[in-house]
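Below is one structure; the comments refer to it alone.
The values are calculated or read from the model by the stated rules, or taken from the named source; none is laboratory data. Everything numeric in this text was worked out from a predicted model, so none of it was measured. Reconstructed Cβ throughout: ideal geometry from the backbone, glycine too, with neighbour counts over all protein chains shown. Ligands, DNA and RNA are stripped out before the accessible areas are found, and what is left, the full protein with its side chains, is counted by its heavy atoms. Shrake-Rupley method; radii C 1.70, N 1.55, O 1.52, S 1.80 Å.
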Amino acid sequence: MRITFLIFLRFILFALFIPACSVSLFAQVNKYPPISGRPIGAAVALSPDPIVRMRWANPAASSGLETYQLRPVKWNVSDPRSFDMRQFQSQNSIEVTGKGDIRFDFGRTNAGWLEFDSDDLTDSVTLSISEYNEPAIVNTGAIHPVKTLPPVKYGHMYRLELSPDLYEGVRFGWIHVLSHQKNWHIKTLRLVCQVKPVNYNGSFSCSDAELTKIWYTGAYTVKLNMQKDYFGAILMERSDRFSWTGDAYPSQAASMVAFGNYDFVKKNLVNTSKLDNGIASYALYWVLSVIDYVNYTGDVAFLKSYIDNASQKLDNAYKNFDSPNNLGFYGWDERLGAGFENPTNTETKHAYTMLSIRAWLEFGNLLKQSGEEKLADKYLRYAATKINEERKKGTWLNEFGLHASADAINTTLTTPQEDAAFYQRNYTDRANRLSYSPFNNYFIIGALGKMNKYDDAISAIKDCWGGQINYGGTTFFEVYRPSWNLILGKNDAPVNNQCGYTSLTHPWSAGVVKWLSEEVLGIKPMSPGFKTFNIIPHLSGGLISVKGTTPTLSGNISADFNEISGVSTIAIPKGTMAEKVAIPTGQNAVDKISLNGMLIWNNGALSGAKLYNVHIDNGAIVLEHLKPGKYNFKVDYKAFFKPTVVKPLPWKYAIDSFKQDSLTCGKWNGKYGNDGYMLFNYFKAGKHLQKLPAYIDSVVLTRDKNVYLDLPAVNGLLKDTAGLNKPLGAVITQDPIACLQTMTIDLYAINTATHQIALYFLDWDKKGRRSAIEIFDLKTKNLLAPVQLVKNYTGGKYLIFNYTGSIRIRVNQVRGENAAVSGIFFK
C-alpha cells in the first residue's frame, strides 16, 4: 500500500496525532489506511470526539475504515523506580528499569488497539486494555475473555491483538513488565483508532452545557461503532459484536440527526431486513427504523420496495397480539423480565402490544402519505381497533407499568386523561421512572414529551445520560443506574449483571440525540424528506436558548433561539416548507416583533404589510407556512416573566439505610438470625441449613451455583449454632458464562411488617471479590433501594437493612472470580 507524501504529512501534522512509524513498517502491518479527512470543522469543546473537526470530501456508505493515532493524556506507574517517564511527554519515550505496570489514560473511549515501538526489548511483557480503570475481563465465548496478552512483534513494533479485527473499546491501556534483565525503551506508544468516514452535518447546543455534552457524547457513541458495512452494537469483543436489529433503531436515528449519513442507514436497513435476532419487538423496531429513514430522506421508492417485508412483520404482530408469547427480550430492566430471564411477562406483553399499535399507526400514516391508501387503511384500522379494545377492558390504567405505559403513550392514541393517570402511576418516582437501560429510557423520555412533561424529561435525561458522564463516561452504556455514582469512583469497573459484563460503549443508548434535536431544538419532519416540517422548540428545565442544525437531502435546516435577547434565526432550504415555527419567549410579554428588519407585530396586533400569519400561543410566537430562506427575528419585550424554578423530584427509596459489619465475621449466633437463618450448602452442595421465621413463607434462589468446600481454618467461615467451624458453604454467580454475572434471592413474606435481614459475604480464597446488591419489590419489580457495593470481604462482611413485604435481592459480580453469599439472617 502506498502512502502519498501529502496524506502522510497531513496525518503527522494533525494536532491530536503522533508520528507514525516508518512508511514501510506502516504499510506492512497497518490494517487500514491513515485518515484522509481534514480538520476544518468547527471546534466543539463539549464533544468527547478527538476528531470532531475532521471533514471528509465525500464520505459514503462504501467508504472503508481509516485510522488515526492518539497519545495518552494521563499515566500512572506502579513503581516509579521501574520507569523513567521524564521524556515521555516531550519525546514519547520511556526507559524501563525494572518490573511493574504503567496505566495509560487516553481521555476517552476509542475503537482501537495498543501499539509501541522498541529496538531493545528483552523483558517479558503483556499489554491490557479496558473501557474502565482496570484491565477488562468479559464472558466465555469471546476470542480472548481476558483482555491481556503478550504483544505481537512486527520488526521493532509491538501490538496487542485480541481479535482479527484488532479493535476493542479502549479508554485505558497497560504495559505490564513481568521480568527485567536490563534497561530498555518504550517508544512512540500509541492507540491506533479506527473510524468510518462521516461528517458532523448536524449540530446541537443550548444554554445547559450538560445537555449539549449529552448530544455529542451520544453521537460519538454511534460513530465509534460504525463498521465498514454495518452499524455495530458494541465495542468490546465479548462474542456478540454484530448488528442487532432493534439496537440499531435508536442508533440509526441518532446517526441521521448527527451525521446525515442516510446512504449508510439505508445500507444497514437492507442488511437487517431479514433479521430480528429472535426477538419479537426487534422486527417492529426495524419497521420503525424504515419509517424514520423515509421521513428523513423522502425515499418513498425504498419504502415501496420493502412494503411486503414490513407488512409481514406487522401482520405477524397482529396475529400474535392477543397472546404474545416467546417475546425473547424486551430490555434488561427487572420489570421487563431482566433481559433473557423472564422476557414474556405481563408487563412485556402489554408493552409489546402497544409497540405493535404504534408501528401499525405510524406505518399506516406513512403509507397514506405515499399513496398506498388501501394498505394504509388496513394498518390504521388495526391500530384503532386494538387500542379501543384495550380501552374497553377498563384495566390498563391500573395494570400498565412504566414501560407499557410509555409504549401506550407513544402510540399518540391515549387521551389527556389517560396520560394523567399513567403519569401519576409511573412517572412521579425519580428512581423508578428510569429504566435500567438507556435504550428503554429513549421511549420513556419520548412518552414524557408527548405528555408535555418536558421538565420531567430533561430531569430524566440528566439522571440517566448525564449520570453516565458524571461517572466518567465519554460514551453511553448498555445499562446504568444513577446510584452507581454513589458507590463507584470515576471510571471504576461497572456493575455486571443480567446483561453480562457491562458494555460502556453501546450505541443503542444514543436515542437521546434524536430526542434533543426533535424536542428541544424542535426540528421534526411532517412529511417524507422534510418537504414539510415543524420547528417547535421546548425550552424547559431552565433552558433559555438553543441552536442547532438538522441535515436533510435538500440542505440543512438550522434554528437559533434565545428567549432573553429575543434574537432568533432559522434557515429553510430549497424544496422544503416550515408548516409551523414557534419562537419561544419564555412567557415574556411581547411588545414588537421584527422579521429581517421589518416590523410584523406591534403591541398585540399584526403590523406592516401583513405578509405573515403571526399569532402568540402558549408563550410562543407562531408563524405558519414559511417558504425557503433565512429568517432573522428580533422580539422586544415590554415585561419579563420570572419563571418558577422547577426543582427535580427528590430521590426516594423505600429502603435507604444500610450497615456493613466486618467485625462479627462468622460468629453470627446471638447477633444475627434471632428470628431465623439460611446457611447455604451447609450440609453438602445443594443442601442448605434452613430455619425460616414465621413471617417468611419461602426463599427461592435462581441462577446461582452451589459451593461446598471442606477447607482448613479460613478466617470468616460461618460457625454452626454451637459456635463450631463448618466447611465452607456459599452460593455464587456463574461467571464467566454470559449473562450469569448475577443471581437472585426471592423472599416470599407472609405479612408486610418491617423486619431486619443480614446477608453474609465471604471471599474465602481472596479472589478480590466486589459485589453489587440490588433490592426490588417482588411483585412490581420496582427498585426499593440505591445499589449497594460490598468489597474487601476476605474476612467476611454482613450487609444489614430493614425491609417490608416480599422482596427480590439481586447479587451482581463487579470484580473478582464471582459474587458469593454464604448466608441470610433474619431478625
Which count do you get for residues in segment 560-598 that are open to solvent by less than 40 Å² (accessible area, probe 1.4 Å), closer than 14 Å to I544 by Cα and in a strand (DSSP E or B)? 4
Assigned to a loop (DSSP other than H, G, I, E, B) and on the phi > 0 side of the Ramachandran plot - does that describe any residue in segment 644-652? no
Answer from V152, V195, V170 - the residue that is more than 26 Å from S251 (Cα to Cα) and either modelled with pLDDT of 95 or more or open to solvent by 10 Å² or more (accessible area, probe 1.4 Å) (or both): V152
Quick check on E390: is it open to solvent by 20 Å² or more (accessible area, probe 1.4 Å), in a helix (DSSP H, G or I) and acidic (D, E)? no
Of all residues in segment 721-764, how many are open to solvent by 60 Å² or more (accessible area, probe 1.4 Å) and within 27 Å of I143 (Cα to Cα)? 1
Checking the structure you have, find out if any residue of segment 765-772 is open to solvent by less than 10 Å² (accessible area, probe 1.4 Å), part of a strand (DSSP E or B) and among the hydrophobic types (A, V, I, L, M, F, W, C). yes
Scan segment 442-472 residue by residue and report those that are farther than 15 Å from N432 by Cα and among the β-branched types (V, I, T). I458, I469
Failed item in (1) in contact with a Phe, Trp or Tyr (Cβ under 7 Å, 6 or more places away or on another chain); (2) surrounded by 15 or more Cβ atoms within 10 Å (Cβ to Cβ), with I616 passing the rest: (1)
Is it the case that I469 is surrounded by fewer than 19 Cβ atoms within 10 Å (Cβ to Cβ), in contact (Cβ under 8 Å) with a residue 24 or more places away in the chain and closer than 16 Å to I214 by Cα? yes
Any strands (runs of 3 or more DSSP E) falling wholly within segment 47-118 and containing at least 2 residues that are modelled with pLDDT of 95 or more and open to solvent by less than 10 Å² (accessible area, probe 1.4 Å): 66-70, 93-96, 100-117
Please work out which residue is most open to solvent (accessible area, probe 1.4 Å), limiting yourself to segment 408-426 and to residues that are in a loop (DSSP other than H, G, I, E, B) and among the polar types (S, T, N, Q). T412
Do we find a residue being at pLDDT 95 or above, closer than 20 Å to G278 by Cα, acidic (D, E) and crowded, with 20+ Cβ neighbours inside 10 Å anywhere in segment 337-358? yes
Determine which single condition G548 fails, assuming it passes every other condition in (1) in a loop (DSSP other than H, G, I, E, B); (2) modelled with pLDDT of 95 or more; (3) in contact with a Ser or Thr (Cβ under 7 Å, 6 or more places away or on another chain). (1)
Among residues of segment 769-797, those that are more than 28 Å from the chain's Cα centre (by Cα) and of a type outside the set (V, I, T), counted: 5
Between A248, A253, A219, which is crowded, with 23+ Cβ neighbours inside 10 Å and touching an Asp or Glu at 6+ places or on another chain (Cβ under 6 Å)? A253
If K652 satisfies every condition in (1) charged (D, E, K, R); (2) more than 30 Å from P693 (Cβ to Cβ); (3) open to solvent by 70 Å² or more (accessible area, probe 1.4 Å) but one, which is the exception? (2)
Top-ranked residue in segment 175-185 [being surrounded by fewer than 23 Cβ atoms within 10 Å (Cβ to Cβ) and not basic (K, R); ranked as nearest to D101 (Cα to Cα)]: H176
Could you list all residues from segment 695-732 that are under 14 Å from N681 (Cβ atoms), assigned to a loop (DSSP other than H, G, I, E, B) and under 39 Å from the mean Cα position of the chain (by Cα)? D704
Kindly indicate which of F264, F302, F259 is touching a Lys or Arg at 6+ places or on another chain (Cβ under 9 Å) and free of Cβ contacts under 8 Å to residues at least 60 places away in the same chain. F302
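Condition check ((1) in a loop (DSSP other than H, G, I, E, B); (2) not polar (S, T, N, Q)) across all residues:
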site: A219; (1), (2): no, yes
site: K228; (1), (2): yes, yes
site: D240; (1), (2): yes, yes
site: T245; (1), (2): yes, no
State whether one or more residues within segment 273-294 are open to solvent by 10 Å² or more (accessible area, probe 1.4 Å), in a loop (DSSP other than H, G, I, E, B) and among the aliphatic types (A, V, I, L, M). yes
Mind checking which residues of segment 119-131 are over 14 Å from P150 (Cα atoms) and surrounded by fewer than 23 Cβ atoms within 10 Å (Cβ to Cβ)? D119, D120
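One line per residue, one yes/no per condition, for (1) modelled with pLDDT under 95; (2) within 19 Å of S657 (Cβ to Cβ); (3) out of contact with any helix residue (DSSP H, G or I) (no Cβ under 9 Å at 6 or more places or on another chain); (4) not β-branched (V, I, T):
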residue	(1), (2), (3), (4)
L724	yes, no, yes, yes
C739	no, no, yes, yes
T742	no, no, yes, no
D763	no, no, yes, yes
Output for Cβ contacts, cut-off 6 Å, separation at least six or different chains, first residue closer than 14 Å to T644 by Cα in segment 537-548, second open to solvent by 10 Å² or more (accessible area, probe 1.4 Å) and in a loop (DSSP other than H, G, I, E, B), reads L543/S207; L543/D208; I544/S207; I544/E563; I544/I564
Restricting the first residue to segment 273-296 and requiring it to be on the phi > 0 side of the Ramachandran plot, which pairs with a second residue that is among the aromatic types (F, W, Y) and open to solvent by 20 Å² or more (accessible area, probe 1.4 Å) meet a Cβ separation below 9 Å and a spacing of at least six or different chains? N277/W244
Return only the number of the condition from (1) more than 30 Å from K647 (Cα to Cα); (2) modelled with pLDDT of 95 or more; (3) open to solvent by less than 60 Å² (accessible area, probe 1.4 Å) that N556 does not satisfy. (3)
